[in-house]
1. Go through the range 239-272 and report how many residues are among the β-branched types (V, I, T), touching a residue at least 24 places away in the same chain (Cβ under 8 Å) and either away from ligand 1 (no atom under 16 Å from the Cβ) or closer than 22 Å to L170 by Cβ (or both).
2. With (1) under 18 Å from P99 (Cβ atoms); (2) away from ligand 2 (no atom under 16 Å from the Cβ) as the list, and D150 as the residue in question, which single condition is left unmet?
3. Sort out which residues of the range 125-147 are within 15 Å of ligand 2 (Cβ to nearest atom) and in contact with a helix residue (DSSP H, G or I) (Cβ under 6 Å, 6 or more places away or on another chain), and write them in order of number.
4. Report yes if A64 is farther than 26 Å from D30 by Cβ and more than 19 Å from the chain's Cα centre (by Cα), otherwise no.
5. Counting just the residues of the range 273-289 that are modelled with pLDDT under 95 and surrounded by 12 or more Cβ atoms within 10 Å (Cβ to Cβ), which one comes out farthest from ligand 1 (Cβ to nearest atom)?
6. Could you please let me know if Q236 is away from ligand 1 (no atom under 16 Å from the Cβ), in contact with a helix residue (DSSP H, G or I) (Cβ under 8 Å, 6 or more places away or on another chain) and free of Cβ contacts under 8 Å to residues at least 60 places away in the same chain?
7. How do the helices (runs of 4 or more DSSP H) wholly within the range 89-177 filter down when requiring 3 or more residues that are within 12 Å of ligand 1 (Cβ to nearest atom), in contact (Cβ under 8 Å) with a residue 60 or more places away in the chain and surrounded by fewer than 19 Cβ atoms within 10 Å (Cβ to Cβ): which remain?
8. Give the residue that is nearest to ligand 2 (Cβ to nearest atom), with candidates limited to residues of the range 178-191 that are assigned to a helix (DSSP H, G or I) and aromatic (F, W, Y).
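The values are calculated or read from the model by the stated rules, or taken from the named source; none is laboratory data. A quick note: this is a predicted structure, and the numbers were derived from the prediction, not measured. Because the Cβ atoms are built from the backbone with ideal geometry, glycine has one as well, and the counts that use them run over all protein chains shown.
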Amino acid sequence: MTTPQRVEHQQTDKGSVPVYTTGVVEQPWDSYSETDHEVWRTLFRRQQAQLGQQACREFLDATAAMGMGETGIPRFSELNAILQATTGWQIIGVEGLLPELVFFEHLANRRFPVTWWIRRPEQLDYLSEPDVFHDLYGHVPLLMNPVFADYMRAYGQGGLRAHGFGPEALAQLTRLYWYTVEFGLIDTADGLRIYGAGILSSKGECDYSLNSPAPNRIGFDLQRVMRTRYRIDTYQKTYFVIDSFQQLFEATFADFEPVYVQLKGLEAIPAGSVLDSDHVFHRGSGEGWLADGDI
Ligand code: PHE
Ligand code: CO
């Protein structure tokens, strides 16, 4: 373990993506200030208040089962005891985004990297990189679900393998993560619900993703998702809807090599497009979309 240290962005081979030190750090729980805990409580209460009707049942139940925190920033060690006993996952503390291979290696071994620091009070609504609220509140509860937990592990293994297939395969795999783990919706008997961490930890995007007429909501299809560009700087133009975590796991369980071969050289699909072959839950009005910036 190295000493936690909040460092500024370092530009790397991944261009504009900020990458920090790659080491695992012990959560410096005693060093959180009262302001830090208050930021957590504010964000936590705000999300809990609206997510009762918007998040999927698995997320809400797991958040409660973990005893995740009205009182302040949770201790990783306490969450780990519960996680370990439930699905064998562990949280590890990190400074921020990790290089791809390091990240995949952790997931493949059922370790989920969680940024230890929390945003400042003036950053409550928007932050351009993950902090402990996004990582813990958004990602960790679903690691209590056995099917989703297996999906995340398989994703890590798939990432390590995708490296051998080159940058196109990696970009396709990253899109899959983006449109499921970060921005996924799930169809339930009560209507569409959220399971993606990027939505769950964002005050504005919860309502937008479910209720705004602007974005597309399209049924999950593996190859369709892997071809679809996305935006990192605005709400999504398209959300993909799964029927169940089982569907997601089954669609991704098989060896991806034939998928990479099939997709090779095919043009990527712009973030806001709707195809004839799509199962459309809702066709977006496109209101407020910016014309550029998909990646
Ligand atoms: N089945 C994929 C492969 O062979 C691995 C994977 C699993 C990728 C789950 C994403 C999600 O590469
Ligand atoms: Co995330």
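1. Of the residues in the range 239-272, 4 are among the β-branched types (V, I, T), touching a residue at least 24 places away in the same chain (Cβ under 8 Å) and either away from ligand 1 (no atom under 16 Å from the Cβ) or closer than 22 Å to L170 by Cβ (or both).
2. (1)
3. Scanning the range 125-147 gives F133, G138, H139, P141, L142, L143.
4. Judged against the criteria, A64 is a match.
5. Checking each candidate, the answer is G288.
6. Criteria met by Q236.
7. Working: elements: 100-108, 146-162, 167-177.
Result: 146-162.
8. So the residue we want is W178.
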